[in-house]
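Peer 1: Here it is: the structure, laid out below.
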Amino acid sequence: LLMGFAVRFDAPFMPLLVETINGPNRAATWTGVIASLSAVTGILSGPLLGWLADRSSPQRIAMWSAGLAGLLMIPQGLATSLFTLAVARLGMVFFASGLMSVFQVWLAKSTPDNRRGMLFGWATSAKSCGWFLCSLTGGMVAMYLGVRAVYFCAAAAFLALVIGIAAVTSRNERALEGERARGN
């Protein structure tokens with residue numbers, strides 16, 4: 001849920017931020033260009049970060065990805081040029097887009113075979129619920145605090161995701177240690 005929330009929190013507001021930075025002249029064109037270039041980094045990130053998660057700890061890759069995506073939200077909120085916005089956006093989309101593949105690796109590694117279908121289904125539903133909640137929350141932030149504040153709140157959501165991943169990882173490690181101590 002939190003991953004879906006963080007990853008899509010700012011998406012509806014990108015055209016408004018482009019217009020804020022560049023004015024209404026060609027805002028739709030520049031939004032399309034930045035979104036298209038960002039999509040290319042998203043296409044590349046899934047296989048690359050998934051590959052890293054296969055060879056390393058998916059939790060660690062997810063924490064780094066979420067943290068870097070969150071940090072790259074800040075320059076977007078502060079951007080005064082389309083170049084700054086585009087560069088920060090490309091990096092943020094790379095790290096945010098790879099989170100889903102990393103999460104799938106983590107879920108597959110930590111779920112018994114006979115429960116994977118159900119848990120993957122619940123994970124998809126939770127992610128969609130995060131999309132719903134982020135749209136409501138992002139709209140309220142934009143309405144009361146302005147478009148730029150959306151990007152700072154998105155950075156906080158990614159930071160909360162890092163903390164959540166660390167907490168779940170720690171809890172799971174303690175549970176595994178307890179099982180080992182009992183001889184299971």
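Peer 1: Do you know which residues across segment 21-31 are in contact (Cβ under 8 Å) with a residue 24 or more places away in the chain and open to solvent by 80 Å² or more (accessible area, probe 1.4 Å)?
Peer 2: Result: Trp30, single match.
Peer 1: Within segment 89-103, identify whether any single residue is in a loop (DSSP other than H, G, I, E, B), open to solvent by 10 Å² or more (accessible area, probe 1.4 Å) and not acidic (Asp, Glu), and answer yes or no.
Peer 2: no
Peer 1: Moving on to the next point. May I ask you to list the residues in segment 104-118 that are open to solvent by 50 Å² or more (accessible area, probe 1.4 Å), in a helix (DSSP H, G or I) and more than 18 Å from Ser65 (Cα to Cα)?
Peer 2: Once the filter is applied, which keeps residues that are open to solvent by 50 Å² or more (accessible area, probe 1.4 Å), in a helix (DSSP H, G or I) and more than 18 Å from Ser65 (Cα to Cα), segment 104-118 yields Lys109, Ser110, Asp113, Asn114, Arg115, Arg116, Gly117, Met118.
Peer 1: Check Ala79, Ala86 and return the single one that is crowded, with 21+ Cβ neighbours inside 10 Å, of a type in the set (Gly, Ala, Ser) and at pLDDT 95 or above.
Peer 2: Of the residues listed, the single one that is crowded, with 21+ Cβ neighbours inside 10 Å, of a type in the set (Gly, Ala, Ser) and at pLDDT 95 or above is Ala79.
Peer 1: Would you mind telling me which numbered condition in (1) within 22 Å of Phe9 (Cβ to Cβ); (2) surrounded by 18 or more Cβ atoms within 10 Å (Cβ to Cβ) Ala126 fails?
Peer 2: Only one criterion is unmet by Ala126, namely (2).
Peer 1: Just give me the residues in segment 32-71 being open to solvent by 20 Å² or more (accessible area, probe 1.4 Å), among the polar types (S, T, N, Q) and assigned to a helix (DSSP H, G or I), in sequence order.
Peer 2: Hits for segment 32-71 are Ser36, Thr41, Gln59.
Peer 1: Using the structure shown, decide if Met140 is closer than 25 Å to Ser170 by Cα and loosely packed, with under 13 Cβ neighbours inside 10 Å.
Peer 2: Details: closer than 25 Å to Ser170 by Cα: no; loosely packed, with under 13 Cβ neighbours inside 10 Å: yes.
Criteria not met by Met140.
Peer 1: Sticking with this one: Of these, Ala35, Ala96, Ala69, which one is over 12 Å from the mean Cα position of the chain (by Cα) and small (Gly, Ala, Ser)?
Peer 2: Testing whether each residue is over 12 Å from the mean Cα position of the chain (by Cα) and small (Gly, Ala, Ser) leaves just Ala35.
Peer 1: What's the number of the only condition in (1) at pLDDT 85 or above; (2) among the hydroxyl-bearing types (Ser, Thr, Tyr); (3) farther than 28 Å from Ala155 by Cβ that Thr111 fails to meet?
Peer 2: The single condition Thr111 does not satisfy is (1).
Peer 1: Still on this structure, please answer the following. Evaluate segment 143-161: report whether one residue or more is among the β-branched types (Val, Ile, Thr), assigned to a helix (DSSP H, G or I) and modelled with pLDDT of 85 or more.
Peer 2: Within segment 143-161, one or more residues are among the β-branched types (Val, Ile, Thr), assigned to a helix (DSSP H, G or I) and modelled with pLDDT of 85 or more.
Peer 1: Tell me whether segment 16-39 contains one or more residues that are at pLDDT 90 or above and among the charged types (D, E, K, R).
Peer 2: Yes, there is a match, as at least one residue in segment 16-39 is at pLDDT 90 or above and among the charged types (D, E, K, R).
Peer 1: Next up: Just to be sure before I move on: is Phe5 open to solvent by 30 Å² or more (accessible area, probe 1.4 Å), in contact with a Cys (Cβ under 7 Å, 6 or more places away or on another chain) and either among the polar types (S, T, N, Q) or part of a helix (DSSP H, G or I) (or both) in the structure I sent?
Peer 2: yes
The values are calculated or read from the model by the stated rules, or taken from the named source; none is laboratory data. Small disclaimer: the values here were computed from a predicted structure and weren't measured. For neighbour counting, all protein chains shown are included, and Cβ atoms are generated from backbone atoms with ideal geometry for every residue, glycine included. Keep in mind that these areas ignore ligands, DNA and RNA; they rest on the heavy atoms of the full protein, side chains included. Shrake-Rupley method; radii C 1.70, N 1.55, O 1.52, S 1.80 Å.
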